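J.: Pasting a structure below so you can have a look.
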Amino acid sequence: MPDSKMDETKKKKKKTAECCGYPISIFFIVVNEFCERFSYYGMRAVLVLYFRYFLLWDDDLATSIYHAFVALCYLTPILGAIIADSWLGKFKTIIYLSIVYAVGQVVMAVSTIHDITDANRDGTPDNFTLHIALSMLGLVLIALGTGGIKPCVAAFGGDQFQEHQSRQLNTFFSVFYLCINAGSLLSTLITPVLRAQECGIHTQQQCYPLAFGVPAALMVVSLVVFIAGSGMYTKTAPEGNIMGSVCKCIWFALNNRFRHRSDIYPKREHWMDWAEEKYDKLLIAQIKMVLKVLFLYIPLPMFWTLFDQKGSRWTLQATTMTGDFGGFVLQPDQMQTVNPILILTLVPIMDRIIFPLIKKCGLNFSPLKRMTVGMLFAATAFIAAALVQMEIDKTLPNFPSSSESQLKVVNMHSESLIVTVPSQEPLLIGSFESSPDYITFDQQDIRLAFNTTPEINKDLSLIKGSRQTLIIPSEPAEMYLKEDIKSKPKEGKNAVRFVNGWTAYLNITNLESSLQPSETSNYTLVSQGMRKFTLTDGIQSCEFSRKFGFGSSYTFLIPSDLFSTDCESIKEIEDMQPNSVHMALQIPQYFLITTGEVMFSVTGLQFSYSQAPKNMKSVLQAGWLCTNAVGNIIVLIVAELGKLPKQWAEYVLFASLLVAVSIIFSIMAYFYTYIDPAEIEAEILKQQETDPDKKKKKETLEMEEKENEQEIKQTKI
Ligand SMILES: C[C@H](N)C(=O)N1CCC[C@H]1C(=O)O
């Protein structure tokens, strides 16, 4: 850095106002981060539901676009860092990209207003293309904004500290992380509640505009707060196209090394030293610092691969568990809020108690050691998840394999039936009852015999890998097969269906269409808690209530005396037991992964700042964030494509991979020497002032280049 610029920065730094040893300006930065993370996580909390239930995408498309968006949010930091370090400086970059971000959030919120295209006022948008186009535009702008400012905000916060505030600088990164998680926690709790409200101009629908509008408003607040602190910030000026110079310098070093590959040339300490002929020693030293750290980052995405499965695999695991905590009921996706809650408690405990205690014991718990231990904690979290999975597996129904088929028989006939089933004892099924459980067959084609008069023999062709129910109506000869669900219902909900034994059409609330006599409805999903169904034939009606747990499936048999018994004679057949393993069992795995996160992520943030040269602080923050993006991409590729037959085995596989990676990382870390970039930079600047060789080397190189050019010209002639 030219001396004049260094002096300028130092002069500016002297002016910063302090409170309790901290620069006052960081107050604006942490509040800005809180609002921004509220905006980001709030929007993310309802995004998949918006895709699924507003845009009506299927599960696969919704989750793929969601993960791709998250990955993009962690890839764009590199763009923001280049703009900040090479062109606009961090302050302006944060402002401009925050505007892009806020616009993106507003576009996203507008895309969720169904009334804008609902000309026929039926409650569903008429022009999905417009809504999709708007939401995709909004998401791209959000990804550009959130990713672009992320490396700049952390680094800009760090820039506010002076040399004598190194202790406060470390605390800043912890407070910064606390704000991230406070924002994340509040928004993940609030936005789903906002979505659940009903709103609309022509028709009342789930209130997505409010759920996306509040995060948009918070982003505007974030921008205003940041601008409000404008007069107090220490702003380091960008130093020209630094990324351009870095790329050219690396290219030159590689080329020069190749040109001098013969043994006659003396070796140099580092391959980047081959750029010395043309480039500043300072720039070369800075590139070496950055490359050293980036090399160290290579194994890190594996941590995020495990971490990011909290939102997918662990939430799916929670859907097979029960969330009834007595006083309150937790939904499967709400389990994720345990992570920010634990962050808010663990960061102060680690900072104030654990790390000082370790230091007092004389142990050197250096940043890279902390990160390694953090990775090991995350691996243990996955072992805990595997143990929980084994417990869940014990309670799961025996679902058919791909070569098997399963059958249940429901008897709606007025008399008991004896059913002869291949290679089984004959089954006695009482009137208005079902066979005790599903019968598993290795073959698809089976013949059943019924003791009716006359005897009925029925040939069935079952579906492989499926569960089916044979419904025997009041007229047994009209028996028919109905396909059942073959996995736990989604999101911890309960699947229910009705068989109409009443003599006329029935309308049942929550069911799509009315039921003909003897017909079986399709499944409808109901949430946990007390649910009420009203049954009516248009003349009479009665109400049927039942309390549901999580993840069960029932077939309700409607009798012929339905209305005379006021719905009380409805009989339930439990096709799938409700979940019985409690969600509280997931707390240890959340605790372990969050402890790992505090050690890994907070430390990584500090480390990336402290080891970066002054003019590449944002670039290194971006490199750090990219590890997260790569982790997300690995989740998309490996976890989605390479599913193991047993979920617990997949957890153990991921844990083992992370242990292996952390061993590699610890070896790499062992050879890493911590540096003080400012000291190195100052030293080189001093050396350069007294280095007469430098000019000579440059002149020689220029002459060499000219000679080469002339040679080329002559050969052409
Ligand atoms: C919500 C997480 N606990 C968290 O703080 N983060 C996950 C990825 C990095 C970090 C964030 O910046 O959001």
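The values are calculated or read from the model by the stated rules, or taken from the named source; none is laboratory data. Quick caveat, the model's predicted, so the values are computed rather than measured. Heads up, the Cβs are rebuilt from the backbone with ideal geometry, glycines too, and the neighbour counts pull from every protein chain shown.
J.: Is it fair to say Phe38 is within 15 Å of the ligand (Cβ to nearest atom), closer than 25 Å to Thr112 by Cα, assigned to a helix (DSSP H, G or I) and not charged (D, E, K, R)?
T.: yes
J.: Taking the options Val103, Val70, name whichever one is among the β-branched types (Val, Ile, Thr) and either assigned by TED's automatic domain parsing to the domain that holds Thr627 or over 21 Å from Pro192 (Cα atoms) (or both).
T.: Only one candidate qualifies: Val103.
J.: Okay, next question. Out of all the residues in region 214-231, is one or more touching a residue at least 12 places away in the same chain (Cβ under 8 Å), small (Gly, Ala, Ser), assigned to a helix (DSSP H, G or I) and closer than 30 Å to Asn339 by Cβ?
T.: Checked region 214-231: at least one residue is touching a residue at least 12 places away in the same chain (Cβ under 8 Å), small (Gly, Ala, Ser), assigned to a helix (DSSP H, G or I) and closer than 30 Å to Asn339 by Cβ.
J.: Being under 36 Å from the mean Cα position of the chain (by Cα) and within 30 Å of Lys686 (Cα to Cα) narrows it down to one of Gln206, Gln286, so name that one.
T.: None of the other options fit; the residue is Gln286.
J.: Would you point out which residue out of Lys532, Lys482, Lys488, Lys547 is assigned to a strand (DSSP E or B) and in contact with a Gly (Cβ under 9 Å, 6 or more places away or on another chain)?
T.: Within the list Lys532, Lys482, Lys488, Lys547, the selection yields Lys547.
J.: Six or more apart or on different chains, Cβ under 6 Å: which pairs go from a residue in region 620-638 that's over 23 Å from Tyr609 (Cβ atoms) to one that's in a helix (DSSP H, G or I) and within 10 Å of the ligand (Cβ to nearest atom)? Could you list them?
T.: Qualifying pairs under 6 Å: Val635/Asp308.
J.: Here are some residues: Thr117, Thr93, Thr63, Thr112. Which one is β-branched (Val, Ile, Thr) and either within 16 Å of the ligand (Cβ to nearest atom) or within 30 Å of Gly244 (Cα to Cα) (or both)?
T.: Criteria check complete, one pass: Thr93.
J.: Select, from Thr203, Thr234, Thr191, the only residue that is closer than 30 Å to Tyr53 by Cβ, surrounded by 18 or more Cβ atoms within 10 Å (Cβ to Cβ) and in contact (Cβ under 8 Å) with a residue 40 or more places away in the chain.
T.: Within the list Thr203, Thr234, Thr191, the selection yields Thr191.
J.: Separate question: Just give me the residues in region 119-151 being more than 19 Å from Gly104 (Cα to Cα) and hydrophobic (A, V, I, L, M, F, W, C), in sequence order.
T.: Scanning region 119-151 gives a single hit, Ala119.
J.: To continue, here is another question. Answer with yes or no whether Thr565 is out of contact with any strand residue (DSSP E or B) (no Cβ under 6 Å at 6 or more places or on another chain), in contact (Cβ under 8 Å) with a residue 24 or more places away in the chain, among the polar types (S, T, N, Q) and surrounded by fewer than 13 Cβ atoms within 10 Å (Cβ to Cβ).
T.: Considered against the rule, which asks whether it is out of contact with any strand residue (DSSP E or B) (no Cβ under 6 Å at 6 or more places or on another chain), in contact (Cβ under 8 Å) with a residue 24 or more places away in the chain, among the polar types (S, T, N, Q) and surrounded by fewer than 13 Cβ atoms within 10 Å (Cβ to Cβ), Thr565 comes out as no.
J.: Now, a different point. Out of region 305-347, which residues are among the small types (Gly, Ala, Ser) and either buried (at least 19 other Cβ atoms within 10 Å of the Cβ) or under 21 Å from Ile392 (Cα atoms) (or both)?
T.: Selection gives Gly311, Ser312, Ala318, Gly323, Gly326.
Yes/no matrix, rows are residues, columns are (1) in contact with a Leu (Cβ under 6 Å, 6 or more places away or on another chain); (2) touching a residue at least 24 places away in the same chain (Cβ under 8 Å):
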site: Leu75; (1), (2): no, yes
site: Ser86; (1), (2): no, yes
site: Ile95; (1), (2): no, yes
site: Ile116; (1), (2): no, no
site: Asp122; (1), (2): no, yes
site: Ser135; (1), (2): no, yes
site: Gly138; (1), (2): no, yes
site: Ala143; (1), (2): yes, yes
site: Ser166; (1), (2): no, no
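J.: What pairs come up if the first residue lies in region 449-460 and is farther than 14 Å from His413 by Cβ and free of Cβ contacts under 8 Å to residues at least 60 places away in the same chain, the second is exposed (fewer than 14 other Cβ atoms within 10 Å of the Cβ) and of a type in the set (S, T, N, Q), and their beta carbons are under 8 Å apart, counting only those six or more places apart or on different chains?
T.: Correct list of pairs: Ala449/Asn457.
J.: Is region 144-161 home to any residue that is more than 25 Å from Ile26 (Cβ to Cβ) and crowded, with 23+ Cβ neighbours inside 10 Å?
T.: Scanning region 144-161, I find no residue that is more than 25 Å from Ile26 (Cβ to Cβ) and crowded, with 23+ Cβ neighbours inside 10 Å, so the answer is no.
J.: Please pick out the residue among Asn255, Asn170, Asn181 that is within 16 Å of the ligand (Cβ to nearest atom) and not basic (Lys, Arg).
T.: Going through Asn255, Asn170, Asn181 in turn, the sole match is Asn181.
J.: Among the helices (runs of 4 or more DSSP H) lying completely within region 554-654, list those that include at least 1 residues that are in contact with a Pro (Cβ under 8 Å, 6 or more places away or on another chain) and within 16 Å of the ligand (Cβ to nearest atom).
T.: Filter on region 554-654 gives 603-610, 617-634.
J.: Related question: Among the listed residues Val103, Val48, identify the single one that is surrounded by fewer than 24 Cβ atoms within 10 Å (Cβ to Cβ) and either modelled with pLDDT of 90 or more or within 15 Å of the ligand (Cβ to nearest atom) (or both).
T.: Val103
J.: In this structure, does Thr76 turn out to be buried (at least 22 other Cβ atoms within 10 Å of the Cβ), at pLDDT 90 or above and more than 14 Å from the ligand (Cβ to nearest atom)?
T.: It is false that Thr76 is buried (at least 22 other Cβ atoms within 10 Å of the Cβ), at pLDDT 90 or above and more than 14 Å from the ligand (Cβ to nearest atom).
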